[in-house]
Amino acid sequence: MALVFCRSCGREIDESAVTCPHCGAAQALVFQINPDAIPEGVRGWSWGAFLLTWIWAIGNSTWIGLLALFPPLWFIMAIILGIKGREWAWKNARWDSLEHFNRVQRLWSIWGLVLVLGFILFMILVVVVVPATLFWHWMPQMHSPDGVTV
Ligand SMILES: [Zn+2]
């Protein structure tokens, strides 16, 4: 039996199947592929891999992503992971179906965005809000001639 993947759910099916036994999708346009081939819908930009780099790499058994731990390589790896990450994750980790793969990758992207936005908000807090608060707290004291707290 030659390996083909359902165009709809991405699971392996017999190449002669007219419809997918898993999801029922018609396979008229099914294409024969070798085991390394990537089903349609896997490729694409991965925000999860781009933003979380090595954390994403561990979660997706894509060990090359650990290169992002080295500061000089981090940004280059982030871009490479953004471009190639989904393909690598598809090959390296176990997935029930293309739908499962996309659901998990979407979660990674959401968490990546949440963490990055959280970090940006935290930095705004540290750089802007905290100094401003301290400034307005200590200003009156500094201008009080006898040092009495206002
Ligand atoms: Zn299917």
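The values are calculated or read from the model by the stated rules, or taken from the named source; none is laboratory data. In this text the structure is predicted, and so the values were computed from the model without any measurement. Counting neighbours? That spans all protein chains shown, and the Cβs are built from the backbone with ideal geometry, glycine included.
Brief remarks follow.
- Qualifying residues in segment 1-13 (those that are within 12 Å of the ligand (Cβ to nearest atom) and farther than 16 Å from Phe101 by Cβ) - the one modelled with the highest pLDDT: Ile13
- Applying a threshold of 7 Å to beta carbon distances and a minimum spacing of six or more residues, or different chains, the list of pairs starting in segment 1-16 at a residue that is among the aromatic types (Phe, Trp, Tyr) and ending at one that is at pLDDT below 85 reads Phe5/Ile33.
- Members of segment 14-23 that are in contact with a strand residue (DSSP E or B) (Cβ under 8 Å, 6 or more places away or on another chain), near the ligand (Cβ under 8 Å from one of its atoms) and among the hydrophobic types (A, V, I, L, M, F, W, C): Cys20
A quick yes/no check of all residues on (1) β-branched (Val, Ile, Thr); (2) touching a helix residue (DSSP H, G or I) at 6+ places or on another chain (Cβ under 9 Å):
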site: Leu69; (1), (2): no, yes
site: Met77; (1), (2): no, yes
site: Leu81; (1), (2): no, yes
site: Val104; (1), (2): yes, yes
site: Ile110; (1), (2): yes, yes
site: Leu113; (1), (2): no, yes
site: Leu117; (1), (2): no, no
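- Residues in segment 91-101 that are within 16 Å of the ligand (Cβ to nearest atom) and part of a helix (DSSP H, G or I): Leu98, Glu99, His100, Phe101.
- Residue count for segment 64-122, restricted to those that are over 30 Å from Gly10 (Cα atoms) and of a type in the set (D, E, K, R): 0
- Some residue of segment 102-111 being in a helix (DSSP H, G or I), more than 12 Å from the chain's Cα centre (by Cα) and surrounded by 21 or more Cβ atoms within 10 Å (Cβ to Cβ): no
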